[in-house]
Amino acid sequence: MQRRAALLSVLALAGAWGLGACHQREPRVVLIGDSTMADYPPARAPLSGWGQALRERLRGKAEVINRAVPGSSTLSYSRANWQQTVTRLRKGDLLLIQFGHNDERPDPWHNTKPWGQYRHLLTRFVMDASDAGAIPVLMTPIPRYRFSEGHVSDTHGHYAKSVRGLAREKGVPLVDLATLATEEMERQGEIHVRPWYMLYFDGHDDVHLTNIGAKNMAVMVESELVRLGLL
């Protein structure tokens with residue numbers, strides 16, 4: 001009888017440990033967006049998306065699952081990638097949503113209007129994620145490397161404004177990376193920020209980040225997620 005009681009006690013303790021391990025599983029941060037967020041192989045260095053830099057920053061704190069696809073707009077992503085992503089979301093996942101660069105493209109596979117289909121598709125991502133038990137986080141697109149008299153040019157215009165308005169309307173957390181990055185880039189200055197972008201290496205790409213730029217963007221994203229109480 002005593003041996004049976006001891007065995008039951010051990011099994012109960014093992015069960016408690018198992019339950020504890022389940023609750024201590026790392027939180028997941030899932031990313032959807034375009035090439036400025038995406039992962040790249042070492043062979044393409046120094047090209048880097050800020051999502052892969054965020055994975056390194058959050059190692060040991062959260063699992064980063066980068067589902068960003070280079071060349072994506074909200075429209076192309078909704079058609080080709082969203083269903084595979086949303087069906088894999090878990091309750092409690094953070095879903096970071098950043099589009100805009102390719103929504104401005106004129107072709108019918110990518111183009112959306114900032115107050116029309118762009119806003120509609122962002123709303124769909126938010127609502128679908130919420131239905132799956134995830135926590136959607138809207139993000140404005142990162143700035144392009146374009147300076148005028150010491151100031152970063154606003155090349156995303158109404159797309160960024162649409163994201164901010166949707167976040168207010170739906171009560172969704174917002175990481176205003178367009179504003180955060182613009183302020184930091186202007187603080188550091190045009191010359192010092194140039195190595196953040198591939199333009200520094202190839203002379204023409206003012207959109208995509210180097211590993212240096214990706215790390216700086218990832219710092220801003222992490223800091224804002226912590227400030228918002230999401231990490």
Checklist entry - Does the stretch 33-47 contain any residue that is surrounded by 13 or more Cβ atoms within 10 Å (Cβ to Cβ), among the charged types (D, E, K, R), more than 16 Å from the chain's Cα centre (by Cα) and at pLDDT 95 or above? => result no
Checklist entry - Could you say whether any residue in the stretch 214-228 is in a helix (DSSP H, G or I), modelled with pLDDT of 95 or more, out of contact with any Asp or Glu (no Cβ under 7 Å at 6 or more places or on another chain) and over 25 Å from Arg55 (Cα atoms)? => result no
Checklist entry - If a residue has to be in a loop (DSSP other than H, G, I, E, B) and among the charged types (D, E, K, R) to count, how many in the stretch 116-173 make the cut? => result 4
Next on the checklist: Residues that are among the acidic types (Asp, Glu) and part of a strand (DSSP E or B): does the stretch 98-109 have at least one?
Outcome noted: no
Checklist entry - Quick one: in the stretch 94-109, which of the residues that are surrounded by fewer than 20 Cβ atoms within 10 Å (Cβ to Cβ) and not hydrophobic (A, V, I, L, M, F, W, C) is nearest to the chain's Cα centre (by Cα)? => result Glu104
Checklist entry - In the stretch 76-93, what count of residues is obtained for those that are within 17 Å of the chain's Cα centre (by Cα), of a type in the set (A, V, I, L, M) and part of a helix (DSSP H, G or I)? => result 1
Next on the checklist: Looking for something in contact with a strand residue (DSSP E or B) (Cβ under 9 Å, 6 or more places away or on another chain) and either modelled with pLDDT under 95 or β-branched (Val, Ile, Thr) (or both) - is there at least one such residue anywhere in the stretch 103-115?
Outcome noted: no
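The values are calculated or read from the model by the stated rules, or taken from the named source; none is laboratory data. Every value quoted in this text rests on a predicted model; they were computed, and no experiment measured them. When we count neighbours, we look across all protein chains shown, and the Cβ atoms used for this are built from the backbone with ideal geometry, even at glycine.
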